[in-house]
1. Which one of A:K206, A:K266 is farther than 30 Å from A:D133 by Cα and surrounded by fewer than 19 Cβ atoms within 10 Å (Cβ to Cβ)?
2. Restricting to the stretch A:95-104, name every residue that is over 20 Å from the mean Cα position of the chain (by Cα) and not hydrophobic (A, V, I, L, M, F, W, C).
3. If I ask for residues that are closer than 18 Å to A:L123 by Cα and at the interface with chain A (Cβ under 9 Å from one of its Cβ atoms), which ones from the stretch B:475-510 would you list?
4. Is it the case that A:L231 is facing chain B (nearest Cβ under 10 Å) and in contact (Cβ under 8 Å) with a residue 60 or more places away in the chain?
5. Condition (residue is within 13 Å of chain B (Cβ to nearest Cβ) and aromatic (F, W, Y)) applied to the stretch A:134-141: is it met by at least one residue?
6. With B:Y454, B:Y409, B:Y422 as the choices, which residue is buried (at least 16 other Cβ atoms within 10 Å of the Cβ), closer than 30 Å to B:R352 by Cα and within 14 Å of chain A (Cβ to nearest Cβ)?
7. Taking the stretch A:200-228, which residues are within 14 Å of another protein chain (Cβ to nearest Cβ) and hydroxyl-bearing (S, T, Y)?
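The values are calculated or read from the model by the stated rules, or taken from the named source; none is laboratory data. In this text, all values refer to a predicted model and were calculated from it rather than measured experimentally. All Cβ positions, glycine included, derive from the backbone under ideal geometry; neighbour counts span all protein chains shown.
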Amino acid sequence: MDGALLAKLLWQKISLTACAGLILCTLTAAQGLGRYGGAHLREPVGATAFALGGANTASPDYLCSWWNPAALATLRRKVLTLGLGYRPLGRSEGYLSFEFPIPPRVGMGLSVLYRGILKIDELVDEQEYPLNDCSYSTYSFKIGLSYLIKRNIQIGANISILHQSLPTDFTDEGNIKYSSITEIGGIDIAGRYELNKKLAYGLVLKNILASFDWEFKDQYGGLSAIMNDTLPATLTLGQEYTGSLLEKPFIWTCDLAGYLFNGNFKPIAHKHLVINNGFEWQRWELLFIRAGIRDIILNRDLFAHSDRFKDHFSLAVSLGFLVDLSKALKGKDIKLNYAVSNDKVWAGLDQQLDFVLKF
Amino acid sequence: MTHGTRHHGFLPVLLFAGLLGVCEAQYTYTSEFTSNDILELDGYGRALAMVTSKGFNYTNDITRGKIEWKGFLGPQAIALACGIGTALVCLQPKTDYSNDLFLFTYPSTSQTIPLAYKVNVFLDSLGSETPLFFWSYDAVWYGGSYWAACLDGGLISLTPPQNAIALFYPGRNKVSYTFDTYLPTEFSVFPDSTARAMAVAAGNNRIWLACEQALWSFNPIDTTWTPINDSLLGVDEYYDLAVRALNDTTTILYTVFFKEKSSQKTDTCFYTYNTHTARWHRFINLTGTTPQDRISFQAMTLGEKEYVYIIDGKENEILLYRDTLPDTGLAMDIPYAERVQTGGEKVTFSDRIIAVQAEFGIDNITLADVAYAVDGSDTLFQVATDKGLLFSNNEHAAEEQNTPFSYEYRNVPLAADLEKTYAIPGIINNYHPETVFAYNLKKPDEVTIDIFDYNMDHVVRIVDKASREAGKDRTSGRSTVPKYDRWNGTVDNGNGRPVPPGVYFYRIKTENGRRSFGKVIVAKN
């Protein structure tokens, strides 16, 4: 049996296992993911992925270390990304990544993501006196490495460093006391497979061994509580189909993410499946149009008891575009991506904007 | 007066250098109640000053129909004295090892904002690498000056309006030092770590100082000290002190001290002392109480009767004792060895307080302090609680006559129609295990409250289409129903596990389509 056939069989087994797991989780009782840790990691990163409804696992164009580190081995040039995001209720974000090939078969990526609330100014104490302004900040560093097994098969892995700083207590004078946590963990294992020129698949197991071991400080600097917060692991199967629409290039991407167990491989109480879909149409040479539907939660309870669980079914619809600035910038390969989406509870619009430089 | 958490393990310390200056940096002026959680009171005539957990307040006329409150939001004080148009507030030192005394001046007609003068009394350690905090536990206004009992055993006098400061130490028959002539080397002999001054009172032209294990009488005219013999009382630690002048030559001291019964238990002992006969007798013992229990008392005169109000923090009630001794002859030689309880008629005030609670709709009130003052024919009586101020301008001590109470507390208006909402408090942790969502509706409606995480994934529904009335403010009633509109930071708002630490968002929505979002932070286990 040659290597290609072995890889193909292996890939099929992995895919079948993933599909079986994803289908299984739809048969279990489920509620939203709001009860699990790592909420700040679940929103799509990057204006492209955001516009595509978070369906970006099969063939990420950039931020590969975030979406699918296996894709790093397909890089032919260095990629530098700088992006910003704003979300309703004061949430903001910023991200930076640098990815580069290490010929002939290796790719590497580094990325950092900030998410948080720069100014929380509406908190009050137990007597309704305003507390001083405070902030919530998270930083996620990822280092990814990928290896090209064959032209159409890549594997990769990530390791994360996660940091959070959270207001956890207040003094009688309204001063805020913070607790912070930095953890090394959150391993991602990934694979990517190009079936042909039209179809590509990605499979990523995220957040293995990811947790936050909090030690809360009280207003006197003492220890008031300890809490181990283990993040749920995510098994994501992504697919990208490349075709044409009105004789223009058209891409359909789809991610199926299953939440089955936590980072320590213990089953979580409410398993469920999330489907994300995205579309990209290269209507003009320098302008791509994108759209997506994100966080379609599949679970039998949503259908059997929709009156109780309809609030868990809170999908998001996104729109976006890509502008190729290379002609305007005299040959430099710079692209601008922008995306806008509702935030699932209709408190406002999420927005992301980034610049991608390839050199 | 109420004493806060005590600082034991005191090592020799030395104070010094005084500085006067206008300083509002630590305080923010307000014309509202700084907090409904009132810790300490002191009255003088119609004036009343109070320490709250958020600062302090002052009014120059508690009898006015609409009381005009002035105050400052800021650090919590541990001692308070009320004078004429002024109040002295003693802060607990924080990080600068200095005792901050704030002299608060009530505004004259030409002023709208009161003045707060900060008096810094710096502390140096005597050979210790870790300087200890220094503070004043008690203060009193007398003879145009404030007198503050200092933790190092000294007595500070502060005389407005020039704010002259002097420092005296028990046993030294002279003005020990003024800050202008302070010489640090002379203080190498001080302090005596057993001589902490715990309480100060004034009467009959003398200042009475209760040090930890000794009582002193100080004459401010000739600055002489006189010790009071209490060698047979078995005092472990004096805690509080009050005096009443019976006549020019006789002063009654009411003292409170702790006496250890065993290694685990102590008694809080209330004794009186007649300066004329130099005799002690026991007034009452609160057995089994500890220095950590909130015990405070005030002595007062109504007509020719002597009364003592005792706040028993352990039982959360006010005891009123009418001292019958003046009638029966306080000068009688009652051997303290007999331990005869001679305290007279006891009235438990808590029944009245409960009636007041019912009248004003207050729940679970905790009593903190009492104050009284006599102004002409009016007897002004105030009770500090953790839910506001109860006060009477016509106190009836007799049990058969109910004291007519009024109720003052801070009311917080909230915009109607969900225009302004918040979670009280905004941080859920092990000290504040629940939060209540405060909101108002213009019209009765059905309300649904949901919690979402940072990614706007649903966490838990708090109430589902619950009927709520129109609301206005805390006094008149809000739309919030605290019993139900609350979240304990768990996944099921019940006994489930706490949600992961982080920022969460609540959404309050009504059936007519109004919505409001807000933040609440969870950090508990």
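1. A:K266
2. A:P101, A:P103, A:P104 - these are the residues of the stretch A:95-104 that are over 20 Å from the mean Cα position of the chain (by Cα) and not hydrophobic (A, V, I, L, M, F, W, C).
3. Listed by number, the residues that qualify are B:P501, B:G502, B:V503, B:Y504, B:F505, B:R507.
4. Taking the combined requirement at face value, the residue satisfies it.
5. Yes, the stretch A:134-141 has at least one match.
6. Going through B:Y454, B:Y409, B:Y422 in turn, the sole match is B:Y409.
7. Passing the criteria: A:S211, A:Y220, A:S224.
Table: residues versus (1) in contact with a Leu (Cβ under 9 Å, 6 or more places away or on another chain); (2) over 28 Å from A:R42 (Cα atoms).
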| position | (1), (2) |
| --- | --- |
| B:A397 | yes, yes |
| B:P404 | no, yes |
| B:P425 | yes, no |
| B:Y439 | yes, yes |
| B:P444 | no, yes |
| B:I451 | no, no |
| B:V463 | no, no |
| B:D473 | yes, yes |
